[in-house]
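Single-structure report; data block below.
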Amino acid sequence: MAEVNLIYNKPSLKGEITVPGDKSISHRSIMFGSIAEGRTTVSGFLLGDDCLSTIDCFKKLGVEIELNGTDIVINSKGMDNWKEPVDILYTGNSGTTTRLMLGLLAGSTIHSILNGDASIGKRPMKRVIAPLRDMGAKITGRMDGQYTPLAIKGSPLKAIEYTMPVASAQVKSAILLAGLNAVGTTVIHEKDISRDHTERMLRQFGAEINVENGTVSYKGGQKLHATHVNVPGDISSAAFFLVAGATAENSEITLHNVGLNHTRTGIIDVLNVMGANMDIIVDDENAAEPTGTITIRTSELVGTTIDGELIPRLIDEIPIIALLATKAKGTTIIRDASELKVKETDRITAVVEELKKLGANIEATEDGMIIHGVEELHGASLKTYGDHRIGMMGAIASLLTDGAVQLDDADCIAVSYPTFFEDLIRII
């Protein structure tokens, strides 16, 4: 746990950054490459702690995975040939690894145990386990499977038709992955559309899947075929520098290789509505995962309301959006975001408490927060709660304060952005 003292004295930000690989897609590239029989290659992989936990889990299942920087080679004999692990499958701080692997392991032929760090031990797993049990999954765990550690005995599964109670790509993906080995057609209905990386990657690996009007369906028993996956830059990581460029004085930052999947671009919509001075050049909108280059400049921002179907498209960006709102004229209201309470920490409470320390006029609500801008921010000692997004929010805030910002644990940022401080220094 490394403390850092950040003193930047409100710099102008200039330069270019190539955004590191998308965390969600990096996880899935390893999972799908391990399911498919043959040699799968991955480029642009995110070497963050969470994604390395996913690699470790599949190595314990007997899958051969080679790393050469951000290039990965996966040699798999297919899911039917996974080995029963001798050790616990340790998922670290990764909710994606934990929840998606529940779906995969439920329909396997092996017995396994999943466990993560202290934060994972507090995150609700029943939302995944309940529909998986409806499919016939045999999963036991602490408080009847509400929390890790969890034991999974692979068993035959049957497809279900399921209506999502909340927008959650992790729950949806766990059901879809369980459906690979289920008898029948798995059908999922979404009221609010969550990120669709799993659906896209199923197609990329050769599966036939139908997505129409919020309903996803596909037939079980399909075989996946090894392929190449190009991981785009993570828009959730780019968001921190987009906010920095929009709020720091006399600034202009260009971000390359940013993923522009429409289920993830809520941050772009918010910046546009708030008046950001921003240009976007799309590289190839027909790619499996579209990417582009974004240039952001110091902007005259105004407050807005963020709610409804927009929330799933920017749920991970809300901490940095809250900081953005402190520099916008008027009031910004964030609501319908109660999902923030079950992230790595309770992000509603964490964001409000830490931004208040900096002088922000912000208050928590039951399902979000209200931010009154434009406030002058000052230095303070901040807690990260071991949450990478709270840590990066604090670091970007240090660019806007009149004094030093101290973070109690900067190491947690490596979960999703191991080169964050290198990129930050590059533009100062």
Find the percent of Cα-Cα distances in the chain that exceed 38 Å, and round it to a whole number.
19 percent
Once you have a ≥ b ≥ c as the square roots of the Cα gyration tensor eigenvalues for the range 125-197, tell me rounded if a/c is under 1.5, and otherwise prolate or oblate according to whether a/b is larger than b/c.
oblate
Using Cα-Cα distances under 8 Å and only pairs 6 or more residues apart, what relative contact order does the range 184-301 have, in percent?
25 percent
Quick note, the range 282-428: a/c under 1.5 would make it rounded; otherwise a/b > b/c is prolate and the rest oblate (a ≥ b ≥ c, C-alpha gyration tensor); here it is rounded
Using +1 at the Cβ of each Lys and Arg and -1 at the Cβ of each Asp and Glu in the chain, identify which of 315, 182, 17 lies farthest towards the dipole's positive end.
182
If I stretch the segment between residue 192 and residue 223 completely, what's the gain in nm (0.36 nm per residue apart, minus their alpha carbon distance), one decimal?
8.2 nm
Could you point to the residue in 351, 330, 301 farthest towards the positive end of the chain's charge dipole, with +1 and -1 charges on the Cβ of Lys/Arg and Asp/Glu respectively?
351
What is the gain in length, in nm to one decimal, between residue 309 and residue 285 on full extension, counting 0.36 nm per residue of separation less the C-alpha to C-alpha distance?
6.4 nm
Residues 342, 282, sorted so that the one with the fewest Cβ neighbours within 10 Å comes first:
282, 342
Just going by the charge dipole of the chain, with Lys and Arg at +1 and Asp and Glu at -1 on Cβ, which of 162, 259, 29 is farthest out on the positive end?
162
Using the number of other C-beta atoms within 10 angstrom as an exposure proxy, rank 367, 49 with the fewest first.
367, 49
Within straight-line cross-link reach of residue 14, lysines at Cα separation under 25 Å, skipping those fewer than 8 residues along the same chain
327, 329
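Given 23/138; 83/219; 23/383; 343/383; 23/343; 122/158, which pairs have Cα atoms separated by over 20 Å? All intermediate terms of the calculation are to be shown ahead of the outcome.
Numbers: 23/138 29 Å; 83/219 26 Å; 23/383 23 Å; 343/383 16 Å; 23/343 15 Å; 122/158 29 Å.
Among 23/138; 83/219; 23/383; 343/383; 23/343; 122/158, the Cα-Cα distance tops 20 Å for 23/138; 83/219; 23/383; 122/158.
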What value, in deg cm²/dmol to 500, does the helix sum -39500 (n - 2.57) over DSSP H runs of n ≥ 4 give at 222 nm once divided by the residues of the chain?
-8500 deg cm²/dmol
For the range 23-230, give the magnitude of the charge dipole about the Cα centre (Cβ charges: +1 Lys/Arg, -1 Asp/Glu; no others), in debye to the nearest 20.
400 debye
Tell me which GluC sites (Glu not before Pro) from the range 294-354 have a DSSP coil assignment and no more than 15 other beta carbons within 10 Å of their own.
300
Within the range 5-36, which residues have the backbone N less than 20 Å from the label spot 7 Å out from residue 374 along Cα→beta-carbon, could you tell me?
9-14
Compare 93, 213, 250 in a GNM of the chain, Cα atoms joined below 10 Å, and give the one with the largest fluctuation.
213
Please list the non-local residues whose amide H lies under 5 Å from the amide H of residue 15, H modeled 1.01 Å from N, same-chain partners needing a gap of 5 or more.
252, 254
What spacing in nm lies between the two simple spin-label points modelled at residue 278 and residue 3, each 7 Å away from Cα in the Cβ direction?
3.6 nm
The size of the Cβ-based charge dipole (Lys, Arg +1; Asp, Glu -1) of the chain about the Cα centre, to the nearest 20 debye, is 1260 debye
Could you give each residue of the range 232-243 its phi-based ³J(HN,Hα) in whole Hz, using Karplus coefficients 6.51, -1.76, 1.60 with θ = phi - 60°, and x for Gly or Pro?
x, x, 7, 5, 5, 6, 4, 4, 5, 7, 4, 5
Tell me, rounded to the nearest percent, the portion of alpha carbon pairs in the range 23-230 spaced more than 28 Å apart.
18 percent
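Every number in this text was worked out from the coordinates using simple rules, so none of it is lab data. As the structure is a computational prediction, the values presented were derived from the model and not from experiment. All Cβ positions, even for glycine, are placed from backbone atoms using ideal geometry, and neighbour counts span all protein chains on display.
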